[in-house]
Every structure is written in C-alpha cells, then in structure tokens.
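Note sheet for the following structure.
The values are calculated or read from the model by the stated rules, or taken from the named source; none is laboratory data. It should be emphasised that the depicted structure is a prediction, and the values quoted were computed from it without experimental measurement. All Cβ positions, glycine included, derive from the backbone under ideal geometry; neighbour counts span all protein chains shown.
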Amino acid sequence: MDKETIILAYSGGLDTSVCVRWLQEHHNAKVITLTADLGMVDLDNVKSKALQIGATEALIIDGRKEFIESFVFPALKAGAIYEERYPLATALGRPLIAKYMTEAAIKFGATSLAHGCTGKGNDQVRMDVSVGALAPDLKVIAPVREWGWSRDEEIEYALQHNIPVEVKKSRFSVDENLWGRSVEAGELEDPWEEPPEEAYAWTQPISRTPDNPVYVEIGFVKGTPISIDGEDMPPLDLVNHLNSIAGEHGIGRIDHIENRLVGIKSREVYEAPAGLTLFTAHKSLESLTLSKNQSRLKQLIAQEYADVVYNGLWYSAHRRNMDAYVESTQQNVTGSVRIKLYKGNCIVVGRKSPRALYSHKLATYERGDTFDHRASEGFISIYGLPIRTETRNQTEL
Ligand code: ARG
C-alpha cells in the first residue's frame with residue numbers, strides 16, 4: 001500500500017523540523033512541508049532544511065499579497081485590536097496558512113495535515129478550527145501537543161536524528177509576519193520585569209530614534225490605505241515602508257498581559273509599527289467621515305471582530321456578516337491623514353476628506369458662521385423637558 005501523505009506547516013524552526021521526522025516515524029507517512037511566506041521568512045534556508053531532514057517536497061507559498069489584502073486590511077477597516085492592545089498579526093496569519101494547507105492536501109491527495117503548535121496556545125485552536133471549517137474531513141495532527149517533551153528531550157531527539165539544532169537560538173518564542181512580531185517566553189514570563197532590548201527587532205529604543213520628527217501622509221480610499229505622501233503604493237510596499245519608518249522612530253512596541261482562549265493569562269510583547277500607524281490614521285479619518293452613531297456601533301463591532309479573529313473563527317458566517325457591515329461603513333472613508341512620527345509617538349496632525357461630515361461653515365466661531373444659534377433655544381427646551389419634569393414631579397419636598 002502507498003504511504004499516506006501528510007502536509008506539515010513548516011517554519012524551519014526546531015519544533016517543526018522535529019515534526020518532519022516524528023511524523024515519518026509515527027505515522028509511516030511521506031511528509032510534504034508547506035511554508036507560507038507572510039513576510040519575514042528566510043526562504044532559502046527553510047526549503048533546503050526541510051529537504052535535508054527528509055521531507056518529500058518542500059512547498060513555499062508567497063502569501064504576502066493575499067495576507068495584506070484579504071486578512072490585514074479587512075481587520076484594519078474593522079478596527080480589530082484585541083483587548084485594546086494587540087493588532088492580531090499572528091491571529092490573522094493562521095487562517096491563511098490553514099487555507100494553503102487544505103489546498104495542498106487536495107492537490108497532493110493528503111488525508112492529514114500537521115502543525116507544530118503546542119497544547120497551551122491559541123494557535124492550535126486557530127489552525128484546527130480553520131482546517132475544520134475549510135475541510136471538515138481532513139485529520140489534523142499536532143505532534144508537539146502529542147509528544148509532550150521538554151525542550152531537552154526534543155533536542156535529544158533532534159540530535160539522534162541528525163536534525164540541525166541552532167546553537168544561538170533566541171530565548172524568546174517569536175512569530176512574525178508583515179503585520180507584526182509576537183514575542184513571548186524567556187524573562188518576559190515575569191510581568192514585573194521590563195522587556196529587554198533583545199526582545200525587540202523592528203523598533204528602535206527611544207534613545208536611538210532620530211531627533212527630528214518625520215511627517216507621513218497616508219491616503220485612503222474607502223478605508224483602504226493606498227498611498228504614502230501622495231504616491232500610490234501597492235499594499236505590500238505600503239506596509240513594509242511604514243514598518244521601517246515607524247520602527248525607526250520607535251513606534252509600535254506593545255507590552256500586554258493577554259487573556260488566551262485556553263484560559264491562561266500570558267505576557268506578550270508585540271511590535272507593530274505599520275499596524276499602529278495605520279490604525280491611528282484610519283481611525284482619525286473615520287472621525288471625520290462617520291456619523292456619531294456609525295462610530296459608536298462600529299466600535300462595538302470592532303471588539304467583537306477582534307475576539308472572533310483572536311479566537312480562531314475567521315471562517316465563520318459571523319465574521320463574514322461583520323465584514324459586510326464594516327465594508328458598508330467604509331463607503332466614505334476616503335481622504336488623507338497627516339501623521340507625525342516622533343520619539344515613539346504616532347501623532348495625527350491633520351486629516352482631510354472630500355466626503356467629510358465636518359463642515360467649517362457650521363463649526364466656525366468666525367465670520368461666515370451658518371449655524372442657527374437661536375434654534376438652539378427650542379432644541380434645549382425640548383431636550384431638557386424630561387429632566388425638568390423629573391425634578392418637578394419626583395423631587396421630595
Ligand atoms: N499571543 C499571540 C496570539 O495568540 C501570539 C502568539 C505568538 N506565537 C509565538 N510562537 N510567539 O496571537
């Protein structure tokens with residue numbers, strides 16, 4: 001009988017490298033690795049390493065454009081930030097990786113998928129639930145969750161099986177893609193301890209940021225960022241560009257105690273220079289173009305949307321319903337926002353829109369005011385009626 005084929009989500013790190021051999025041994029299977037490039041992956045290395053360890057094939061998929069356009073920008077428009085802090089980089093990447101995995105399973109006739117998530121995190125939930133949503137009949141294997149080894153046991157297995165173990169491995173667990181960098185473990189596990197400089201890679205400490213601010217103008221059409229300083233820029237370049245300039249000015253460091261889906265609190269450090277800048281700019285443009293009621297409801301949806309993404313329910317009708325709502329709110333979110341990046345601060349200094357609800361004629365205190373001041377009198381009389389009635393009828397004398 002032909003050997004079973006398993007598609008393994010492969011990062012090139014120790015865990016997933018060990019998974020290749022472990023799956024071959026324990027499932028007597030051929031292993032095809034799949035590495036989704038959502039930005040920041042050392043591709044040459046990954047491919048040769050997978051093949052060297054014994055993968056039958058090492059697939060690399062460039063998902064950067066799809067990631068930004070179909071996952072990141074919808075989340076940006078929704079204002080999706082988990083617990084008011086986390087822009088969801090890792091959480092948004094997982095459903096796309098799951099999609100590529102199921103597509104590969106169909107193409108290569110695999111009956112199982114595997115990933116290197118541990119049994120403690122959110123990522124296992126996101127992967128398993130996403131695969132379940134896309135292809136309910138596929139089996140998902142999570143070797144790391146199954147084998148339950150300590151780090152030393154894992155290294156021992158690696159050495160026995162000729163799997164390269166990096167000597168200068170970082171003490172942190174890092175996951176990164178274009179939308180951000182997630183860092184945990186090591187001394188970060190002590191919430192009292194300040195994150196050491198080595199935890200950061202994309203952002204400068206304030207002491208090393210330029211002494212002069214930089215101004216950036218971000219152009220949006222219907223909620224989607226499309227230009228920088230008046231020049232159209234493809235989504236990928238735009239995010240890369242903002243990551244680098246905002247990072248240089250020390251913007252986007254986040255230190256958060258987070259509520260995981262599996263019930264534990266964990267200390268997470270994030271870097272999201274482009275994310276933070278774009279959320280700030282987008283929100284500011286919305287303040288000019290959305291009505292008060294739209295803004296209020298949208299804020300509630302933003303929180304629900306963030307929870308749904310964080311909790312691995314990207315492929316749910318509920319998320320699609322919210323996207324339809326969010327999309328309809330973006331109809332007039334077109335215009336530009338001027339941002340000043342300076343010493344870790346991302347400051348909105350100006351915004352304009354051809355669809356603004358802001359009206360200078362109504363707002364001004366100068367000559368040219370068209371607001372009918374006298375009409376306020378009648379408005380206040382009716383508006384204050386119930387409270388005057390309360391006082392008259394219900395105050396004990
Ligand atoms: N806590 C974050 C999340 O659940 C990030 C997880 C990052 N994973 C990692 N290996 N560092 O989305």
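Would you say ASP255 is within 16 Å of the chain's Cα centre (by Cα), surrounded by fewer than 16 Cβ atoms within 10 Å (Cβ to Cβ) and more than 18 Å from ARG126 (Cβ to Cβ)? Don't jump to the end; show me each part of the working.
Details: within 16 Å of the chain's Cα centre (by Cα): yes; surrounded by fewer than 16 Cβ atoms within 10 Å (Cβ to Cβ): yes; more than 18 Å from ARG126 (Cβ to Cβ): yes.
Against the criterion (within 16 Å of the chain's Cα centre (by Cα), surrounded by fewer than 16 Cβ atoms within 10 Å (Cβ to Cβ) and more than 18 Å from ARG126 (Cβ to Cβ)), ASP255 qualifies.
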Checklist entry - How many of the residues making up the stretch 86-121 are more than 12 Å from the ligand (Cβ to nearest atom), surrounded by fewer than 17 Cβ atoms within 10 Å (Cβ to Cβ) and of a type in the set (D, E, K, R)? => result 2
Item to check | Every residue from the stretch 326-350 that is over 30 Å from ARG208 (Cα atoms) and surrounded by fewer than 14 Cβ atoms within 10 Å (Cβ to Cβ) | outcome: SER328, GLN331
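Considering the stretch 351-397 alone, what residues qualify as being in contact with a Leu (Cβ under 9 Å, 6 or more places away or on another chain) and not in a strand (DSSP E or B)?
Selection gives SER353, ARG355, ALA356, LEU357, TYR358, ASP369, THR370, PHE371.
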Checklist entry - Got a number for residues in the stretch 153-195 being within 16 Å of the ligand (Cβ to nearest atom), of a type outside the set (S, T, N, Q) and touching a helix residue (DSSP H, G or I) at 6+ places or on another chain (Cβ under 8 Å)? => result 15
Next on the checklist: Cβ-Cβ under 9 Å, sequence separation 6+ or interchain: first residue in the stretch 191-209 and farther than 17 Å from GLY344 by Cα, partner β-branched (Val, Ile, Thr) and modelled with pLDDT of 95 or more. Which pairs?
Outcome noted: PRO191/ILE257
Next on the checklist: The conditions are (1) more than 16 Å from the ligand (Cβ to nearest atom); (2) of a type in the set (A, V, I, L, M, F, W, C); (3) within 15 Å of the chain's Cα centre (by Cα); (4) over 20 Å from VAL214 (Cα atoms), and VAL269 fails exactly one of them. Which is it?
Outcome noted: (1)
Checklist entry - Out of the stretch 317-375, which residues are more than 18 Å from PHE73 (Cβ to Cβ) and hydroxyl-bearing (Ser, Thr, Tyr)? => result TYR342, SER353, TYR358, SER359, THR364, TYR365, THR370
Item to check | the stretch 237-266, residues that are at negative phi, free of Cβ contacts under 8 Å to residues at least 60 places away in the same chain and within 16 Å of the ligand (Cβ to nearest atom) | outcome: LYS265
Next on the checklist: Please pick out the residue among VAL41, VAL72 that is hydrophobic (A, V, I, L, M, F, W, C), crowded, with 20+ Cβ neighbours inside 10 Å and either within 15 Å of the ligand (Cβ to nearest atom) or within 12 Å of the chain's Cα centre (by Cα) (or both).
Outcome noted: VAL72
